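Taking it in order: structure first as structure tokens, then the write-up.
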């Protein structure tokens, strides 16, 4: 039973946070997650945030983007397609601590020469996060507690020359019960059904994002609610 509260973020654990998750079970889960993002507009929110940060950048130079917690690389592939359409040159780097998922990510991204992947624990003391122009956190921060989120965003603020785009979940009762119905009807794996509910229960209300931003050396451009029950949070790095 997944616990939900409008007052507090859940401390339940998502099954996919197990770095040993692999094989056919992992692939089916990734397919389910890709389906959810496609139909609920998840990647679109991140791309809109990227476009905001790109407004002041020339198109005649290579722009490096990193995707923290990249999973199977779907966000990076969407970014590569966006760059091709809009006339930008992107160097795209996916970071994830799960070596098994990165094998799958490389396989699914073979047609994209500007996408690469690195196995990195972004919370390690070594701070091996690569320098970049823009850092992306798509449906990633809700896996962690506020203190860890603040520390990670500060690391990213120090590494990203232009800014950070966060796309994450609103902790909403309506979203929780809607996802129960969607999961039952359309998802293929019990893991996706379970983890989707935990993700919403671990999501945020706007006041929590504002509180987290107070501990980060960056200028918050905006925190906007987006369909379906998401927040687009853009932090511009101070020059």
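The values are calculated or read from the model by the stated rules, or taken from the named source; none is laboratory data. Worth saying up front: this structure is predicted, and the values here are computed from it rather than measured. Glycine gets a Cβ as well: all are built from the backbone with ideal geometry, and neighbour counts include every protein chain shown.
Conditions tested, residue by residue: (1) in contact with a strand residue (DSSP E or B) (Cβ under 7 Å, 6 or more places away or on another chain); (2) modelled with pLDDT under 95; (3) within 22 Å of residue 56 (Cα to Cα).
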residue: 189; (1), (2), (3): no, yes, no
residue: 195; (1), (2), (3): no, yes, no
residue: 201; (1), (2), (3): no, no, no
residue: 211; (1), (2), (3): no, yes, no
residue: 221; (1), (2), (3): yes, yes, yes
Residues of region 153-185 satisfying the condition of being in a helix (DSSP H, G or I) and within 20 Å of residue 230 (Cα to Cα): 153, 173, 174, 175, 176, 177, 178, 179, 180, 181, 182, 183
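Which members of region 121-134 meet the condition of being surrounded by 21 or more Cβ atoms within 10 Å (Cβ to Cβ) and free of Cβ contacts under 8 Å to residues at least 60 places away in the same chain?
In the first step, residues of region 121-134 are kept if they are surrounded by 21 or more Cβ atoms within 10 Å (Cβ to Cβ); the result is 122, 129, 132-134.
Result: 122, single match.
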Candidates 60, 96, 67 - the one that is touching a helix residue (DSSP H, G or I) at 6+ places or on another chain (Cβ under 6 Å) and either touching a residue at least 40 places away in the same chain (Cβ under 8 Å) or surrounded by fewer than 21 Cβ atoms within 10 Å (Cβ to Cβ) (or both): 67
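Where residues in region 215-239 are in a loop (DSSP other than H, G, I, E, B) and touching a helix residue (DSSP H, G or I) at 6+ places or on another chain (Cβ under 9 Å), which of them is surrounded by the most Cβ atoms within 10 Å (Cβ to Cβ)? Spell out the reasoning first.
Residues of region 215-239 in a loop (DSSP other than H, G, I, E, B): 215-217, 227-229, 238-239.
Checking which are touching a helix residue (DSSP H, G or I) at 6+ places or on another chain (Cβ under 9 Å) leaves us with 215-217, 227-229, 238.
Details: 215: 13, 216: 21, 217: 11, 227: 9, 228: 18, 229: 18, 238: 10.
So the residue we want is 216.
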Residues of region 223-239 satisfying the condition of being at pLDDT below 90, within 19 Å of the chain's Cα centre (by Cα) and over 21 Å from residue 180 (Cβ atoms): 237
Breaking point among (1) closer than 19 Å to residue 122 by Cα; (2) in contact (Cβ under 8 Å) with a residue 24 or more places away in the chain; (3) surrounded by fewer than 19 Cβ atoms within 10 Å (Cβ to Cβ), for residue 174: (1)
The one condition in (1) at pLDDT below 95; (2) under 22 Å from residue 27 (Cβ atoms); (3) surrounded by fewer than 21 Cβ atoms within 10 Å (Cβ to Cβ) that residue 101 fails to fulfil: (3)
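Among the listed residues 5, 24, which satisfies the condition of being under 20 Å from residue 183 (Cβ atoms), surrounded by fewer than 15 Cβ atoms within 10 Å (Cβ to Cβ) and in contact with a helix residue (DSSP H, G or I) (Cβ under 9 Å, 6 or more places away or on another chain)? Even if it seems obvious, please write down each step before you answer.
Details: 24 fails: in contact with a helix residue (DSSP H, G or I) (Cβ under 9 Å, 6 or more places away or on another chain).
That would be 5, the only listed residue that is under 20 Å from residue 183 (Cβ atoms), surrounded by fewer than 15 Cβ atoms within 10 Å (Cβ to Cβ) and in contact with a helix residue (DSSP H, G or I) (Cβ under 9 Å, 6 or more places away or on another chain).
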Condition broken by residue 16, with the remaining ones in (1) touching a helix residue (DSSP H, G or I) at 6+ places or on another chain (Cβ under 6 Å); (2) at pLDDT 90 or above; (3) surrounded by 19 or more Cβ atoms within 10 Å (Cβ to Cβ); (4) under 20 Å from residue 203 (Cβ atoms) satisfied: (2)
Search result, residues across region 142-151 that are under 13 Å from the mean Cα position of the chain (by Cα) and either part of a helix (DSSP H, G or I) or surrounded by 19 or more Cβ atoms within 10 Å (Cβ to Cβ) (or both): 142, 143, 149
Residue count for region 196-214, restricted to those that are touching a helix residue (DSSP H, G or I) at 6+ places or on another chain (Cβ under 6 Å) and farther than 14 Å from residue 4 by Cβ: 1
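Pick out the one residue from 52, 36 that is part of a helix (DSSP H, G or I), modelled with pLDDT under 75 and either over 18 Å from the mean Cα position of the chain (by Cα) or under 30 Å from residue 201 (Cβ atoms) (or both). Spell out how you get there, then give the answer.
Working: 52 fails: modelled with pLDDT under 75.
Within the list 52, 36, the selection yields 36.
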